[in-house]
1. Farthest toward the dipole's positive end in the chain, which of PHE674, VAL690, GLN551, given Cβ charges of +1 (Lys, Arg) and -1 (Asp, Glu) about the Cα centre?
2. Which residues' amide hydrogens lie under 5 Å from the amide hydrogen of GLN551, considering only partners 5 or more residues apart or on another chain, with H built in the peptide plane?
3. Read phi for every residue in segment 412-423 and hand back ³J(HN,Hα) as whole Hz from Karplus 6.51 cos²θ - 1.76 cosθ + 1.60, θ = phi - 60°, with x for Gly and Pro.
4. Do you know the relative contact order of segment 144-258, to the nearest whole percent, from alpha carbon pairs under 8 angstrom that are 6+ apart?
5. Could you work out how much longer the chain between THR20 and LYS315 gets when fully extended? Use 0.36 nm per residue separation minus the Cα distance between them, nm to one decimal.
6. Do you know the relative contact order of the chain, to the nearest whole percent, from alpha carbon pairs under 8 angstrom that are 6+ apart?
7. With +1 on each Lys and Arg Cβ and -1 on each Asp and Glu Cβ, how big is the dipole of segment 5-359 about its Cα centre, in debye rounded to the nearest 20?
8. Quick one: if you take sqrt(5λ) for each eigenvalue of the C-alpha gyration tensor of the chain, what semi-axes come out, biggest first, whole angstrom?
Amino acid sequence: MARNPYFDILFEPVRIGPVTTKNRFYQVPHATAHGYKMPNAHAGVRAIKAEGGWGVVNTDLVSIHPTSDDAPFPYLTIWDDADIAAHALMVEKVHEHGALAGIELWHGGASVANLFSREAPMGAESGRATYNDPVQSRIVNKSDIKEIRKWYVAAARRGKTAGFDIIYVYATHDYLIHSFLSSKRNFRSDEYGGSVENRVRLLRELIEDVKNVVGDTCAVAVRFCADDGASRNNTIRDGSVPEVEEQKEMLSILAELPDLWDLNVSDYSFEMGSSRFVKEASLENYVSYVKSITSKPVVSVGRFTSPDTMVAQVKSGIVDLIGAARPSIADPFLPNKINEGREDEIRECIGCNICWAHDNRNAPIRCTQNPTMGEEWRRGWHPEKIGPKKSDDEILIVGAGPAGIEAAVSLGKRGYHVYLAEATRELGGRVSKESKLPTLSEWNRVYEYRFIQLEKLDNVEVYRESKTTVDDILEMGLPHVVFATGASWRKDGFGLLNTQPILPQISNNRIFTPDDIMNGHYPTGRALIFDDDHYYMGSVIAEKLIEQGCQVDFVSTFSNVAAWTRHTVEQERIQERLINLGVNIIPSRNLKAFDGNRVTLECVYTGSEEEIQVDGLVMITARIPNDDLYYGLASQAEALSAAGIKSLARIGDCLAPGIIASAVFSGHKFAREFDEPDPGDVPFKRERNVVGL
Ligand SMILES: Cc1cc2nc3c(=O)[nH]c(=O)nc-3n(C[C@H](O)[C@H](O)[C@H](O)COP(=O)(O)O)c2cc1C
Ligand code: SF4
């Protein structure tokens, strides 16, 4: 299909110093957690983005020196010449597709604890390491500054040797250079502290140094925070007023020095905000002033997935380039789809921050929407291509939740004839239900994207309101049956802390689960949520109950609510929201008993007990796989063989309840591996260290 001419502007080339990008699609630096130990996997991610049409593809942050070591998190290095080859691998693959390659040169300053190198961290001041290690940085002195400038120059030279087109000076996110710029971090009395002129000195010197050594062939970009939020303690909330006066002064001094300005804000939970709290293009008010100060191209971010929004950003003069991390992770082929008039096929990021959560947990990148993300090299998966079918066998999939629908679409694309049977009228399973809970509406994109794909596949037949029984399946006699029947929330209290049920009398009609709430059965009056799950569900159920007019107590076995969401950069915002909604948070308590009227709680530290009178109890602890149908068939070997059924399989929550990303991955993996040779014990390639010197 032809491109919609309205989007032509997005495909205009943009000059960035000595180089030119073929279009305005700019993958900003983002980590993949492959780090220096997995260069092939890292190059695989970047190659696929270039193939998908991104004009510029950047690295993760890349450490320039052992004094900037992000351990325990994986990170890239350009410490010496031996690191060049790994970067050249990525550059070569990015160039093959006509994209520019950029490298983000990083010094972590006082934010890192240097747990690997054991060097003392360095900062404008002696600050605490960000991740709460009991470590402080040493104060950078004048001779350190000389060294830092040398390290940057050496790293930039190596970047140029590796073939990069864009070299970053990374001056935000609280790292070393930002600590000099920020009035919250820099209290120095020398020429690098005090006035704005002094605080930008280090950044100015570094831009000039890097330009001097690589500026003839490489563009020099600066990542800079356009709003430093000093008086808001960094938090941008609805209605916050941009705080840009100092940043304006800094930009006025430096405006024409680099070849490109890459802008963010200092509140990471806003810059990379989850869709629960931050909507598309939310940085606009905070960065829009910059283009009036500089003539250099400007890029910024905002979870851009709508081509209309992208055009509006360029036409209204906010940015020249559309920066994207998560949209490029969810759909590496986003630019090509717009270019080919296939906007309806964009796999839109849902803003769940599972990608970041895994970076934050030292695990290779993954994505809820894109099950191939991070699997390009090690499993050879491509987000837009899948191998053809190997037989004419037909497949029945029972359950059209995230796993079932993903398996149906992927098997359908391989050419198999698939029957997708769903017990209810609505497809999408847990995704459709959960996305109706407060703040989760964008999660329904997981279903919407797949539904559009399903509609295009004549070989996938969908049967709604088909509650399938053992006899139905035997009667159909299709050779392969896949169970994607999901999981149900438990009522009995079994969870993370309680490895035994604590409420055996589960018939009590004052005990509810998230499934009850999602099916429209609510407690009334005073409702107590018991959360031993610690992800998002407890907090969205709390909001739902408040909407329903309940008075809500939120009991957690942990010391804060939704503790796991610290990995998705949401925990503080969730806790703030619940406090503002008037939810009574009761931390560090376990549930001992419930008699229908009174809940007995126990302090997890002291064992002391207290009772609370409530009208309803909502249990958010763990789920049980809905696998009765599977076992009902699996136990009938003879009947299966008589019916011609060759294989039974479980996928998604029916196999092992987990996050939505795991369900989608499970469905996709099943489709990829179906009818293929056994991949063996280790179904993916691994990168190995060289043994010896
Ligand atoms: C998984 C992940 C890793 C990131 N790693 C980096 C990084 O290494 N360096 C950096 O400057 N920003 C990093 N970011 C922030 C992004 O560059 C970007 O500013 C942010 O995600 C907002 O853009 P988006 O809405 O397009 O995702 C990361 C973001 C994500 C999602
Ligand atoms: S994991 Fe979630 S936030 Fe990250 S890119 Fe995928 S859909 Fe978007």
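1. Comparing the listed Cα positions along the dipole, VAL690 ranks first.
2. For GLN551, the qualifying residues are GLY525, ARG526, ALA527.
3. x, 5, 6, x, 6, 8, 10, 10, 10, 9, 10, 5
4. Computed value for segment 144-258: 29 percent relative contact order.
5. Working: separation 295, 0.36 × 295 = 106.20 nm, distance 1.97 nm.
Contour length minus the Cα-Cα distance gives 104.2 nm.
6. Numbers: 1571 pairs, mean separation 78.1, N = 693.
Result for the chain is 11 percent.
7. Taking the Cα centre of segment 5-359 as origin, the dipole is about 320 debye.
8. On the way: eigenvalues 402, 211, 105 Å².
For the chain, the semi-axes come out at 45, 33, 23 Å.
Bear in mind that the values in this text are calculations on the coordinates, not laboratory data. Keep in mind it's a predicted model, so treat the numbers as computed, not measured. Neighbour counts run over all protein chains shown; Cβ positions are idealised from the backbone, glycine included.
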